[in-house]
Structure formats: C-alpha cells, structure tokens
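Read the structure below first, then the notes.
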Amino acid sequence: MLHFTSVKDIGSLDSAMAKAMEIKKDPFANCNLGKHRTALLLFFNSSLRTRLSTQKAAENLGMNVIVLDVQQGAWNLETRKGVVMDSDKPEHLLEAIPVMGCYADIIGVRSFARFESKEADYNEEILNKFIRYSGKPVISLESATRHPLQSFADHITIEEFKKKPKPKVVLTWAPHPRALPQAVANSFSEWMVAAGYDLTITHPQGYELDERFTHGAKIVYDQSEAFRGADFIYAKNWAAYRDPVYGKILSKDMSWMVDSRKMELTDNAYFMHCLPVRRNMIVSDRVLDSPASLVIPQAANRETAAQAVIQSILETLLKQH
Ligand code: CP
C-alpha cells in the first residue's frame, strides 16, 4: 500500500486485522522501521483523536513527526486554480504541496467537505492534489467523503466485542446543531459492507447517502424497526447529500437521539460513535455513560489502525529501495 484513502487501499481485511492485532500485542515490535523518516500531519480542520493517535502511531514506528495546523501558523493557502491571487491567501497549494513533499516521507491530510461545491467535495479535489503533486505516500486523516482510519478502528472494535460471526450493525442518523459532512457515515458504510457485516442504515427521509458508499446495506426509515435485534448501534449526524439541498440541515428531530428506550429494542447492543459527540443530542448521558458504550475503546483503536496503515506504507517504501 502506498496511499491510504479508503477501504479499497488496504487489500485483504483479514490481513489488515491480523496486523492490527499483532500491533496491539506489541506496539514497539517495529520501533526502527520508520527511523530517519518523517511523517507530516497536515490539518485544514480541527482534531483531537486523529492528531494524537496518528502522531503516537508514527512515533511507535520510530518516525519523526511534524504536525501542522494550516489555519494557525502557515500562510493562508489558495486552493482555486487560475485565480488572481489578490486576496488574503499569499501561497498556492500547487507550490505548498511539493514543498511539503520535500520535507516528508509520508503526508497525512485532513481536509473536510467545504459544502461550497458537491462536485469539488466528491471529486476529493484537495486530497487528490496531495497525491498528484507531493510525490509522497498520502494518508487520509478524514477527507471530504471518507474517514478510513476511523472506519478501520471501528472494524477492529467490532471484531473485539462481537458475540456472533456476522453481527447486525446499525448506522443511525442523529440530530446535531451544525451541518456535518457525510465522510464518517460514507466510510463506515463502505467498510462494514466490505467486512461482511449485516449493515442497516436508518435516517429520516431526505438524508440518503451516496449509493456508491451504501451499496450492500439495508436502508430503513423507521429507526425503531432498524434497532430491533441489533448488536452494534453506531450513531452519527450528517447533512443532506442529495441535490438541491446538498450540505443542508433538513431536520433536528430530537426523537432520533439514541436513548435507553431505543437501546432496549436491540439484542443488548453496544453503542458506538467516532467522537466528538454532542451529549443529549446524538445520545443520552445514560447510554453514553453505560457499560454498553464503546466510544473509548474505539478511540484507543485509532492508534492501532493508524500504526497498521503507516507500517504497511513503510514496508512498501522499503521494498522500493
Ligand atoms: N473521530 C475523530 O476523527 O476525532 P477527531 O476529529 O478529534 O480527530
């Protein structure tokens, strides 16, 4: 693997899971693999888990790590092509990317959907520019349409806690005060289908995701019906995907919040969320604070997932030399 932007890049999920479990057993077994190599982690958007877990993972492999918040301390970057650069953005991404490629062996990029253009978001214009112009392996730290490191961590977590070979996993939309990208939901859906789980997605009418990500999942508009018999409930908000309301909030219906009454419909399901989570909007305190909540193990598995991905890329780089 050279670039990691989706489940399609990881190859065999069984091999990836085996690698993750080896890393969990001994995170420092390959502590010299990345010696004298540098990971640059670039954030166009805020982060707690991705920043810390990816830095830790790269350091476990012996890498030097540079973390850069683009909005704080770097020049404001122009991303549009062919514009007269007379605004407050003195540097163009087209120079900045190859410059960053000079200092790094692997580049991680976080760049959320901007909701200015569905075409730009779903063509992954920022992430693909890094792949094209940096000359270095690129890891998605959450792009406009996917959050694959999160989905890999979610997969590890489900494997660790599942009580049957093919658990029923339910992705449920839940209310949120701000318009959020579809990346986590898209990526989770695509990864769970690839993992062979029984995936149901439930959301109010109008919140349909791009079918390229949900193909293979059941779509159920009745949340209670979707919850029946579930083994894992994964809550997430996302804004509308479909035109002409792309990126808009269509509903803040609080009846979609995950609470204890709904969890009782399940087969003693675990509760999952990628964090950060809005308490008593997405999920009630009672569910989040209950033993059924897996949000902390999920976050812990972010380090393992990141390390498995970085290790695979380092192994590829070593084979090339
Ligand atoms: N789940 C996740 O990606 O968390 P951060 O946004 O804090 O990195």
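The table that follows gives values for the structure above.
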{"item": "Per principal axis, descending, Cα span of segment 148-298 in whole Å", "result": "42, 32, 28"}
{"item": "Protection-proxy order for peptides 4-12, 73-81, each taking the mean of Cβ atoms within 10 Å per residue, highest first", "result": "4-12, 73-81"}
{"item": "Debye, to nearest 20: dipole size of segment 148-298, +1 on Lys, Arg Cβ, -1 on Asp, Glu Cβ", "result": "180"}
{"item": "Assigned charges on the beta-carbon of Lys, Arg, Asp, Glu; segment 83-204 dipole about Cα centre (debye)", "result": "600"}
{"item": "Acute angle (nearest 10 degrees) that the helix 49-60 long axis makes with the longest principal axis of the chain, alpha-carbon atoms", "result": "50"}
{"item": "Rg/Rh ratio calculated on Cα atoms of the chain (Kirkwood radius)", "result": "0.97"}
{"item": "Mean Cβ count within 10 Å, highest first, over the residues of peptides 49-55, 286-292", "result": "49-55, 286-292"}
{"item": "Surface per residue (accessible, 1.4 Å probe) for the chain, Å²", "result": "44"}
{"item": "Separation between Cα centres of segment 61-139 and segment 1-49, rounded to whole Å", "result": "20"}
{"item": "Rounded, prolate or oblate (a/c below 1.5 giving rounded, otherwise prolate when a/b exceeds b/c) for segment 224-310 by Cα gyration tensor", "result": "oblate"}
{"item": "3J(HN,Hα) from dihedral phi, segment 248-257, Karplus parametrisation 6.51/-1.76/1.60, rounded to Hz, x for glycine, proline", "result": "9, 8, 9, 7, 10, 4, 5, 5, 8, 4"}
{"item": "Segments 218-229, 201-212, 175-186 sorted - mean Cβ within 10 Å per residue, highest first", "result": "175-186, 201-212, 218-229"}
{"item": "Calculated P(r) tail over 18 Å for segment 66-125, as whole % of Cα pairs", "result": "44"}
{"item": "Label zone at ALA300 (point 7 Å along Cα-to-Cβ), backbone N below 11 Å, segment 215-247", "result": "none"}
{"item": "Where labels lie 7 Å past Cα in the beta-carbon direction, separation of GLU95 and ASP9 in nm", "result": "2.7"}
{"item": "Distance in nm between pseudo-label sites at ASN123 and GLN320 (7 Å out along the Cβ direction from Cα)", "result": "2.6"}
{"item": "Where only alpha carbons of segment 262-321 are counted, the Rg and the Dmax (Å)", "result": "17.3, 56"}
{"item": "Accessible-area composition of segment 148-298, carbon plus sulfur, in percent [1.4 Å probe]", "result": "51"}
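The values are calculated or read from the model by the stated rules, or taken from the named source; none is laboratory data. Quick caveat, the model's predicted, so the values are computed rather than measured. Note that we place each Cβ from the backbone using ideal geometry, even for glycine, and neighbour counts take in every protein chain shown. These area figures cover heavy atoms from the full protein model, side chains too; ligands, DNA and RNA do not enter into them. Shrake-Rupley method; radii C 1.70, N 1.55, O 1.52, S 1.80 Å.
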